[in-house]
Amino acid sequence: MEVSPEEYGAYWQAAIRIAVGVIVLVFGYRFTAPFLEYTALGARALGFVLFSGLMLVGSVAITMGLARVVRTAVRAERR
């Protein structure tokens, strides 16, 4: 598989998206864990909302990165 400079750049952008998604997932877990340990309902609700939002953002970033990798690989193979 020969990769053009544009495709090579697309692979790197996809890898960066995947890495950012993983960082958001890890950060989201570490940041919201103290909120989920409290017994107060408000703190737990805030922790759950933050945790859910950060997990969603991280998962979308990883999915978009993987989609770009697959799309670029398929395009390179078709040439």
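Just so you know, all these numbers are worked out from the coordinates, no wet-lab data involved. Since this is a predicted model, take the numbers as computed values, not measurements. Every residue, glycine as well, gets a Cβ built from its backbone with ideal geometry; the counts of neighbours run over all protein chains shown.
Residues checked against (1) surrounded by fewer than 16 Cβ atoms within 10 Å (Cβ to Cβ); (2) out of contact with any helix residue (DSSP H, G or I) (no Cβ under 6 Å at 6 or more places or on another chain):
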{"position": "25", "(1), (2)": "no, no"}
{"position": "41", "(1), (2)": "yes, yes"}
{"position": "45", "(1), (2)": "yes, yes"}
{"position": "52", "(1), (2)": "yes, yes"}
{"position": "57", "(1), (2)": "yes, no"}
{"position": "60", "(1), (2)": "yes, yes"}
{"position": "63", "(1), (2)": "yes, yes"}
{"position": "69", "(1), (2)": "no, no"}
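Touching a residue at least 60 places away in the same chain (Cβ under 8 Å), in a helix (DSSP H, G or I), of a type outside the set (Ser, Thr, Tyr) and out of contact with any Lys or Arg (no Cβ under 6 Å at 6 or more places or on another chain): does that describe residue 67?
When the stated conditions are applied, residue 67 does not pass them.
May I ask you to list the residues in the range 1-23 that are among the acidic types (Asp, Glu), exposed (fewer than 12 other Cβ atoms within 10 Å of the Cβ) and under 24 Å from the mean Cα position of the chain (by Cα)?
6
Working only within the range 1-58, note down all residues that are in a helix (DSSP H, G or I), under 18 Å from residue 74 (Cβ atoms) and among the polar types (S, T, N, Q).
13
Select from the range 25-69 the residues that are among the polar types (S, T, N, Q) and closer than 30 Å to residue 7 by Cα and list them in ascending order.
We begin by selecting, within the range 25-69, every residue among the polar types (S, T, N, Q); these are 32, 39, 52, 59, 63.
59, 63, listed by residue number.
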